[in-house]
Amino acid sequence: MTSANGECPRIIRTLIADDQESVRRGVRRILAAQPDIEVVGEAADGLAALELAAELRPDVALVDIRMPRMDGLELTRRLAGPGVAEPVRVVVLTTFDLDEYVYPALRHGASGFLLKRSGPSLLGEAVRAAADGESLISPSVTVRLLRQVTGPRRPEPRSAPVVPLTEREVEIAGHVAAGRTNADIAAELFISPGTVKTHVANVQRKLGVANRVGIAVHAWEMGYPVPQ
């Protein structure tokens, strides 16, 4: 099947890792309805997921937190963590009462996370965002939980980056922490989306983080101004 301009549409190859068959079945059903997403494999535990990821090289892995043999946090670190040669984009699946796991998941390189009760459209959105190198940071989900894990229970703040951020980069980081897209930030700051993208890439490099979620965590920890 080709698009109107004659190009084949991108298909996002996705791996599901969850120890509950009913959850895997539900997620597969939702993703199967998306024309640009293909589920290439399923795993019932973390170790099997790691092996499948090495074999199938999916674009995105949807990873549950609690799994036998290897939990989702360790799996995320091995798939997407610092130093991984060929990282896989990871979206962590969690439940509301497991929000204490969100912070380490982001630290281990997750591109985002979803509550298991999230609707079908949000699930597809998260997979697409991860595949595009973005993160699903929405005011209703991610930012709220980021505030929780960097609030009263927050760990010791990380040190400032070796190469300091410019005033503009600090401003950009704050907007990223607010869950805004490049287009949103560009409109707010009266600059081009391409300029925003360059700033975001520079911030990631200076902070040594894998994605926008890492920028958001850093911004909350360091107390950068975050627009409401």
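The values are calculated or read from the model by the stated rules, or taken from the named source; none is laboratory data. These numbers were taken from a predicted model, which means no experiment stands behind them. Neighbour counts run over all protein chains shown; Cβ positions are idealised from the backbone, glycine included. Remember, those area values only see protein heavy atoms, side chains included, never the ligands or the DNA or RNA. Shrake-Rupley method; radii C 1.70, N 1.55, O 1.52, S 1.80 Å.
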ask   = Got a number for the accessible area of Glu86? Probe 1.4 Å, square angstrom, nearest 10.
value = 120
Cut-off under 5 Å, modelled amide H: who pairs with Val90 long-range = Ala61, Ser111
Amide H within-cut-off set for Val39, under 5 Å, with H built and near neighbours excluded = Thr14
query = Placing +1 at every Lys and Arg Cβ and -1 at every Asp and Glu Cβ, with all other atoms neutral, what dipole size does the stretch 1-82 have around its Cα centre, in debye to the nearest 20?
reply = 80
query = Spin-label point model (7 Å from Cα, Cβ direction): what's the Arg10 to Val23 distance in nm?
reply = 2.7
query = Protein chains only, probe 1.4 Å: how do Ser192, Ser121 rank by accessible area, largest first?
reply = Ser121, Ser192
query = To the nearest 10 Å², what's Thr166's accessible area with a 1.4 Å probe?
reply = 60
message = Just to be sure I understand the model, the point goes 7 Å from the Cα along the line to the Cβ. What's the resulting Asn202 to Thr181 distance in nm?
response = 2.4
Karplus (6.51, -1.76, 1.60) ³J(HN,Hα), θ = phi - 60°, over the stretch 86-91, in Hz, Gly and Pro reported as x = 10, x, 9, 5, 10, 10
